[in-house]
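Worksheet: one structure, shown below.
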Amino acid sequence: MQENLQKLKNRIMKNHLHFLLLIILSGLVAFPACKKDDDNDNKQAEIDEQIILDYLADHNLTAQRDPSGVYYIITEEGDDVHPTAQSTVSVYYKGYLTDGSVFDQTGAGTATFNLQGLIEGWQIGIPLLKEGGEGTFFIPSGLGYGSQARPGIPANSVLIFEIELVDVE
């Protein structure tokens, strides 16, 4: 009985060691991939930053920079409350690329969105506005659609949005 118990303990220890080695090896394989992705993200962020700065200079615009990397120009302050990340917002907007090609915009009516469901650049930019406010936001690709192309939006595109915040719920 004692011998069987010892064999069982040895088998469990052996299985635990195999499992531990598997975890360690998985980490070693995954870590370089993460570093490579981080390097690519950092390089793309630097490229996007330069694209935004060049666009601003070429169009004689002065914008403020959020720590996230979103640049913005508030053209109308608004006079009410700022939305929060949990807000539902109604907006008029126009989205375009740095070459001027429009990829999306509202028509005659506003568009209503839950802020949590939008790209990160909007989640950062919209709360900078007050209800009734207007602004232009220059969103690096990593805070937009990143390396995923969308209809009318190539991969790694800087996005520009002119937004009027009509209502906050």
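The values are calculated or read from the model by the stated rules, or taken from the named source; none is laboratory data. These figures come from a predicted structure and were not determined experimentally. Every residue, glycine as well, gets a Cβ built from its backbone with ideal geometry; the counts of neighbours run over all protein chains shown. The protein model used for the area step is the full one, side chains on, heavy atoms only, and it has no ligands, DNA or RNA in it. Shrake-Rupley method; radii C 1.70, N 1.55, O 1.52, S 1.80 Å.
Data for the structure
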read-out	value
Filter result (of a type in the set (Asp, Glu) and modelled with pLDDT of 95 or more) within segment 34-49	46, 48, 49
Qualifying positions in segment 145-163 - over 20 Å from residue 85 (Cβ atoms) and either of a type in the set (Ser, Thr, Tyr) or open to solvent by 50 Å² or more (accessible area, probe 1.4 Å) (or both)	147, 148, 149, 150, 151, 152, 154, 156, 157, 162
Only one of 73, 52 that is modelled with pLDDT of 95 or more and either loosely packed, with under 14 Cβ neighbours inside 10 Å or in a strand (DSSP E or B) (or both)	73
Condition check for residue 139: touching a strand residue (DSSP E or B) at 6+ places or on another chain (Cβ under 6 Å), buried (at least 18 other Cβ atoms within 10 Å of the Cβ) and modelled with pLDDT of 95 or more	yes
Sole exception among (1) in contact (Cβ under 8 Å) with a residue 40 or more places away in the chain; (2) in contact with a Ser or Thr (Cβ under 6 Å, 6 or more places away or on another chain) for residue 143, by number	(2)
In segment 116-133, residue surrounded by the most Cβ atoms within 10 Å (Cβ to Cβ) [restricted to those that are of a type outside the set (Gly, Ala, Ser) and within 15 Å of residue 144 (Cβ to Cβ)]	126
Answer from 79, 66 - the residue that is of a type in the set (Asp, Glu), touching a helix residue (DSSP H, G or I) at 6+ places or on another chain (Cβ under 7 Å), in contact (Cβ under 8 Å) with a residue 24 or more places away in the chain and at negative phi	66
